[in-house]
Structure formats: C-alpha cells, structure tokens
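Below is one structure, written out as structure tokens; comments come after it.
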Amino acid sequence: MTLTRTRPQKTERFQNGSAELRVSRSTAMVTMGVLTLAAVYFLIPVWWLIVSATKSNTALFSSNGFGFSGFSLFDNIVDVFTKQDGLFGRWLLNSVLYAGIGGLLATFLGVACGYALAKYNFRGRGVIFGAILGGLLIPSALLTVPLYLMFSRIGLVNTVWAVLIPAIVNPFAVYLGRIYAAASMPDELLEAARLDGASEIRIFFSVALRLMSPAFVTVFLFSFVSIWNNFFLPLIMLSDQSLYPVTLGIFNWYTQTREANYNVVITGSLLSVIPLVIAFLSLQRFWRAGLSAGSVK
Amino acid sequence: MKKSQALAGALTVSAVLALLTGCGAAGTTASAGPVTIDYMGWVPKADKAVDIWNKAHPETQVKYSPVSNGQDAYPKIRSSVQAGNAGCLAQLTLDQVPSFVADGMLMDVTQYTGDVKDTFLDWTWSQVSPGGQTYAIPQDTGPMAMYYRTDLFEKFGITVPKTWDEFATAAKTVHAADPSVSLGYLATDDSSTVAAYAWQRDSSWFAIDGDSWKVGIDDSASAASATYWQDLLDSGAIATTKRWDPGFYSELASGKYLTMMGGAWNTALIEANVGDTAGKWALAPMPTVKGSTASANSGGSAVAVLKGCKYPEQAVAFATWLNSSEDSLNILSAADGGGLYPAATKALDYAVVNKKDSFFGGQNLNDIFRESANNVNVGWAWGPTYSSTDTTLTDGLAKVATKGTTLPALMTSLQTSTLSDMKGRGIQAAASH
C-alpha cells in the first residue's frame with residue numbers, strides 16, 4: 001500500500017524537471033499497480049520455495065504453504081547433501097560444468113560468428129544469417145530426438161559430450177552476437193586496425209572481443225541460464241545418474257514417490273537456483289549495458 | 001500433469017529409439033576379477049542393504065541405481081534392456097512380470113533357483129514364474145488393510161465397517177454430517193487398488209486355459225466391484241483423489257479422509273508424510289464382501305533378472321539374500337527404509353515386521369497384515385499384455401475422475417481393448433464368460 005502511495009509523488013517531482021516525461025497521476029498509479037502485481041506474482045513462488053525449504057517432510061503437508069512451521073532447513077540441507085552418498089554435490093558440479101563450459105564455448109562461438117556475419121562481406125551471408133534465424137524458430141526440444149539418434153550411432157549417448165556438444169551450438173548467441181557487433185563497432189575502427197597492420201585474428205581478439213565484452217557477458221548469461229535449465233536433453237541423453245545435471249537429479253528424486261523425501265526435493269530445488277542468482281547478481285551490470293547497446297542510434 | 005505427460009512421452013520416445021538403435025551393443029568380456037551386478041529399484045534404503053552385501057561378498061559387487069516408482073520406471077528399464085546396457089536386476093511390480101516375459105525382457109533363471117522356491121509365499125512364486133519358468137525373485141507383497149483415524153471415527157460416531165455394505169452406509173453418515181470430509185476415496189491414479197477390489201471379489205482378469213488365455217476384466221465379480229465404487233462416487237459420499245500426488249498427504253494430514261485402503265507398504269509413507277497425526281491411527285482388516293473373508297493384494301514387487309545379464313547365478317543369489325535375509329529386511333522392512341512387507345515366508349516372523357507401532361497406538365500391524373496375506377485369493381494371475389492394459393486402465397481412471405466415463409463402462413472397454421491387444425500380438429485369447 002505505502003509503495004503505491006509514495007511512488008506517484010516521486011513522479012510528480014520528476015514532472016517539474018522534465019516536460020517530456022510528464023505522466024498523469026492516474027497513469028503512474030496504474031503502472032505502479034500493474035508492476036506491483038507482477039512483482040508479487042513472480043515472487044510468490046519464490047517465497048513459497050524459501051518457506052517450504054525450512055520445513056520437515058511432515059510439516060510440509062500439515063501447515064499453510066506460505067507460513068513458517070518449525071525450522072529444519074539445516075537438517076534438510078544435510079539430507080540433501082548426504083542422500084545417495086552426496087550425489088547432489090556431484091549434480092551441482094555437473095550443472096556448473098555443462099552450463100559454465102558449455103556457456104563459455106557457446107558464447108565464444110556465437111560472438112565470433114556474429115562478428116563475422118556483421119563485419120565481413122561475403123557471398124551467402126544473408127542466406128546463412130537467415131538459416132540461423134530459422135534455427136531460432138525451431139524449439140530445441142524438437143531437435144533432441146534426432147540428436148539422440150545421431151549420438152547413439154557414434155556412441156556418445158550417456159556421456160558428458162551428449163549434453164555439452166548440443167549446448168555449444170546456440171543460434172540465439174549468433175543472432176545477439178551479430179546485433180552487438182553491428183551496433184558497437186564502427187567499421188572505421190577496424191579499418192584503422194587493418195591499416196596498422198593487425199591480422200584479422202588479432203583484430204578479433206584485441207579489438208572486437210574487447211568492444212563486445214558487454215555483449216559477451218549478456219550472451220553468456222543467456223546461454224548459462226538456458227543450459228542450466230535444460231531438462232529434456234539430459235533426460236533423453238543420460239542414464240548414468242552420476243552424469244545428471246541438478247535439474248534432472250532433483251526430478252529423479254521427486255519421482256521416487258515411495259520415498260518420503262519431499263523436503264529434500266524442495267530444499268534441493270532452492271539450493272539449485274542459488275548459483276543462478278549469484279551469476280545474475282555478479283554479472284548484472286554487464287547485462288544491463290548489453291541490453292541497451294544498439295537501442296539508441 | 002503436463003510435466004508427467006511430457007516425461008512419459010519422452011520415455012516412450014527413448015524406448016522407441018532404443019528399439020531402433022539398440023541392436024548392436026558391445027559386450028565386455030567377463031574377467032576373472034570381481035563381477036559387478038547392476039540393480040535398478042525404488043526401495044528407499046536399498047543402497048544400505050546393498051552395502052552390507054558388498055562388504056560380505058567382495059567377489060560379487062552390486063551397483064544400485066534408484067529409479068522412479070513403478071510405471072514411470074518401466075519405459076527406462078525396457079529401453080535399457082533393448083539397448084543392451086541394462087545390467088542384471090530390476091525391480092518390477094508383480095503385475096508387470098508376465099508382460100516383461102512376453103516381451104522377451106527377462107531371463108529364464110529356473111536352473112539357478114534350486115530350492116529358493118520354498119523360501120517364498122507360494123502365490124508370489126507362481127506370479128514370478130509365468131508358464132512354470134522362473135524369471136524373478138519375489139520381494140514384497142501388499143496385503144491390504146484399512147488404515148483409519150480413530151479420533152475421527154469417534155467424532156462422527158461410526159464403528160469400524162466390517163463389510164463393504166457397512167462401509168457405504170458409514171460413508172453416507174459421515175458425508176451427511178460434514179460434506180467437507182469423507183470416509184474414503186477412489187484413487188484415480190492408482191490402478192492397482194482398482195484391480196485389487198476386483199481381485200478381492202474373486203474376479204479373474206486373466207487365466208490360462210490350455211494354450212490360450214481367458215480374459216475376464218468385465219466378469220460379474222469385476223463388474224460388481226466397479227458398480228459398487230461408481231455408486232459410492234455418484235452418491236457424493238466419497239470423491240476421487242490422486243494418491244501419488246503430494247497433495248494427497250495434505251488431504252490426509254487435514255483429516256479429509258477417515259480411512260485409507262492400502263497395501264502394507266503404505267505404513268511407512270503415512271508415518272513419514274503425515275507425522276503430526278501420530279497416535280490417531282489404527283489398522284483394521286479391509287472390509288469384505290458379505291459372507292466372505294477374502295482380502296486382496298495391492299502392489300508388491302519382484303527383483304527380476306534382465307535379459308543380457310552376464311552373471312545370472314550371482315544375481316539370483318543376491319536377489320534371494322536381499323529379499324529374504326534378516327540383515328537385508330531389517331533395512332528394507334523398517335518403517336524408515338520402505339516398510340516392505342516381505343514375500344519370504346519366514347520373514348513374517350522377523351522382529352522388524354512385528355514391531356508394536358506407537359504411531360498406530362502400539363498396535364502390531366502384522367497381526368492384521370498376516371491375516372490379510374493368508375486370505376488373498378491365490379488364483380489371481382496377471383496377463384502377458386498387462387503392461388498395456390494397466391496403462392489403458394490408468395488413462396481410463398483419469399476420465400472417471402472427470403466424469404468422462406464410469407467404472408463399469410471402463411471395465412467393459414478394457415476387456416475389449418485387452419482382447420484385441422492380445423490377438424494383435426498373436427496371443428490366443430478369449431473372453432472367460
């Protein structure tokens with residue numbers, strides 16, 4: 001309530017300063033109302049997750065989902081990390097490996113391709129870019145089954161590579177890479193570098209990559225999150241539990257309904273999003289810079 | 001719901017893919033060193049029992065991987081058998097054994113079982129030996145009984161119903177007194193209890209008659225059971241629920257249901273998920289049909305030897321130890337270990353099965369379960385296509401929940417689809433009536 005009452009005052013102050021940003025009081029109220037609703041909508045499940053992670057298995061079912069009841073967060077965390085001889089830690093590391101290494105490689109590949117598409121003139125450039133854009137439209141789940149067939153032919157099913165290799169190829173990264181390269185790098189700069197005698201490789205690594213670092217971080221975050229959350233690909237590809245990423249591992253626990261381990265599943269879910277939160281918070285500055293790049297021309 | 005459908009789809013896809021691609025798996029040659037047996041199952045603390053075995057048997061090391069419970073696990077087990085990397089042992093519910101045999105997924109291990117047969121309840125042994133050859137070692141059974149809330153029975157002034165007629169009357173009494181609670185429920189995601197209610201009435205869904213199968217999924221006993229439950233549902237006295245949804249335990253904790261019909265393995269789940277209601281529960285025999293003492297069995301499983309197992313002899317030895325030794329059952333049958341009700345005859349006397357349970361007011365639950373196990377109709381058999389029948393039944397029950405069909409209609413259509421399914425696979429089959 002206080003939120004919606006104080007914010008409009010701020011916009012009023014704003015109105016005095018700059019005429020073009022004039023917003024009527026009612027518009028501001030409506031905007032704040034909608035935003036507040038959206039925030040609540042997105043935060044409710046998070047609140048539920050945090051509250052539920054502190055409950056014992058029994059308390060989960062005998063208390064209101066949004067209120068605390070007992071406190072066994074630490075017992076739950078111990079359970080999560082000791083279940084199946086500490087497999088959860090392994091799953092977390094797997095996820096970090098898949099999303100970290102996979103994300104880095106995907107980003108590098110995407111930015112390099114995007115740079116080439118934006119800055120080099122060659123025959124078929126439009127066709128290639130069109131094909132990559134087409135790839136964006138195909139849901140990755142659709143490609144998983146053909147990938148499984150191919151990988152099982154060459155014996156890569158149920159190995160780390162089965163998850164890592166598909167993660168490296170990301171049309172969205174190429175698309176973003178191209179946009180950023182086109183927006184953030186004047187052709188004159190590259191000309192100057194060429195005149196100074198820098199090789200094309202050198203230009204890419206020393207000039208382009210540095211200029212595109214906000215883009216690099218943005219693409220990396222996108223890739224990291226999408227690989228971290230990818231469920232279907234590892235579900236199809238992996239059968240060895242020690243190769244599971246954390247999402248699949250938790251799901252596997254959840255489906256063991258003959259075991260009363262809902263507390264473990266919920267606490268595990270909470271723990272599994274912490275690395276994502278850390279990644280977002282620490283890279284957030286770059287993220288914002290990246291999103292706005294190219295928006296003002 | 002969506003997720004589980006997606007998963008089922010995914011698993012089906014992977015099963016099909018395995019069919020297409022899994023013919024050329026390379027086998028490793030057996031060396032002289034210790035052998036390793038892979039074992040898939042869903043008994044919560046099975047890994048602890050495996051540890052004990054591994055310490056005592058350095059020559060036969062068992063590697064346990066937990067899989068999803070029941071139906072969710074089967075596509076995965078099937079696809080890994082077809083891909084040739086399934087290992088040796090997998091847990092199957094008893095109703096699945098004939099289907100897995102018919103589909104060539106299991107290995108005939110009769111020659112390794114010797115007198116192991118005598119260790120287990122006769123009817124469980126015949127369920128793991130369809131056609132007389134043995135493919136699995138029985139693990140546990142699910143003799144059914146009625147878990148009930150003593151405090152709520154007192155509150156509503158009802159006595160423990162002995163017959164299904166009394167149950168129906170009491171259900172109406174309770175519902176009239178408080179429409180927000182009910183005496184029981186029909187679990188539309190648990191086909192095994194629906195089959196069990198028919199089993200109790202001496203229905204015969206499948207029977208071998210010479211060279212052909214007799215199918216009676218809509219025989220008079222089965223139809224009577226379906227009508228009974230449909231009438232109860234229609235009267236509004238009970239409702240449907242999803243027993244394997246976590247929300248079920250919220251309903252149980254809130255006292256929405258006064259009773260729960262289930263196999264013995266439910267004890268552990270009740271204690272672990274609705275611990276706040278400790279001391280308010282008791283166990284009574286499941287209501288019977290008037291004039292009969294027959295009980296029924298829900299669930300129960302076996303540890304099956306998978307086709308392609310390289311060490312069947314060691315696998316049988318381990319499975320027998322796992323399912324009958326006191327060391328192992330002290331873990332598997334304990335309340336926090338899965339609460340298995342052993343299929344091994346002598347195991348019914350083990351202390352772990354006969355604990356006085358304070359959760360149930362100090363009752364020795366085995367008094368009831370043992371009697372129930374003795375009163376199970378032993379002629380019941382599962383058919384060679386029950387895997388798909390069970391899937392159709394589960395889908396149909398979901399429609400019953402949304403009033404898209406009725407239980408009696410479901411049984412009739414199940415009879416038809418099962419018969420055509422069997423004929424489609426070249427299995428001789430006819431209606432039993």
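Some points to look at:
- Helices (runs of 4 or more DSSP H) completely within segment A:23-137 that count 2 or more residues being among the small types (Gly, Ala, Ser) and under 25 Å from residue A:248 (Cβ atoms): A:25-53, A:87-96, A:102-119
- Just one of the numbered conditions (1) within 14 Å of chain A (Cβ to nearest Cβ); (2) touching a residue at least 40 places away in the same chain (Cβ under 8 Å); (3) within 22 Å of the chain's Cα centre (by Cα) is not true of residue B:323: (1).
- Residue check for residue B:49: more than 11 Å from chain A (Cβ to nearest Cβ), at pLDDT below 75 and farther than 25 Å from residue B:82 by Cα: no
- Unique match (being modelled with pLDDT under 90, assigned to a helix (DSSP H, G or I) and within 14 Å of another protein chain (Cβ to nearest Cβ)) among A:266, A:236: A:236
- Checking each residue in segment B:133-173 for being more than 25 Å from residue B:299 (Cβ to Cβ) and either buried (at least 24 other Cβ atoms within 10 Å of the Cβ) or among the small types (Gly, Ala, Ser) (or both) picks out B:157, B:170.
- Residue A:143 vs. criteria part of a helix (DSSP H, G or I), under 30 Å from residue A:209 (Cα atoms) and at pLDDT below 90: no
- With respect to the conditions (1) away from chain A (no Cβ under 14 Å); (2) within 18 Å of the chain's Cα centre (by Cα), residue B:230 lacks only one, and its number is (2).
- Criterion: outside the structural domain of residue B:111 (by TED's automatic domain parsing), over 22 Å from the mean Cα position of the chain (by Cα) and within 24 Å of residue B:202 (Cβ to Cβ) - qualifying residue of B:279, B:291: B:291
- Selection status of residue B:196, of a type outside the set (Ser, Thr, Tyr), within 14 Å of chain A (Cβ to nearest Cβ) and surrounded by 22 or more Cβ atoms within 10 Å (Cβ to Cβ): no
- Every condition in (1) under 30 Å from residue A:278 (Cα atoms); (2) without any contact (Cβ under 8 Å) to a residue 40 or more places away in the chain is met by residue A:154 except one, and the failing one is (1).
- Condition check for residue B:262: within 14 Å of another protein chain (Cβ to nearest Cβ), of a type in the set (Gly, Ala, Ser) and either buried (at least 21 other Cβ atoms within 10 Å of the Cβ) or not in a loop (DSSP other than H, G, I, E, B) (or both): yes
- Options A:257, A:267: the member that is within 30 Å of residue B:338 (Cα to Cα) and either in contact with a Leu (Cβ under 6 Å, 6 or more places away or on another chain) or crowded, with 22+ Cβ neighbours inside 10 Å (or both): A:267
- Filter pass, residue B:238 being crowded, with 18+ Cβ neighbours inside 10 Å, touching a residue at least 60 places away in the same chain (Cβ under 8 Å) and away from chain A (no Cβ under 13 Å): yes
- Residue ID - farthest from the chain's Cα centre (by Cα), chosen from residues in segment A:137-155 that are β-branched (Val, Ile, Thr) and at the interface with chain B (Cβ under 9 Å from one of its Cβ atoms): A:145
The values are calculated or read from the model by the stated rules, or taken from the named source; none is laboratory data. Given the structure is predicted, the values throughout are model-derived calculations rather than measurements. Backbone-built Cβ (ideal geometry, glycine too); neighbour counts: all protein chains shown.
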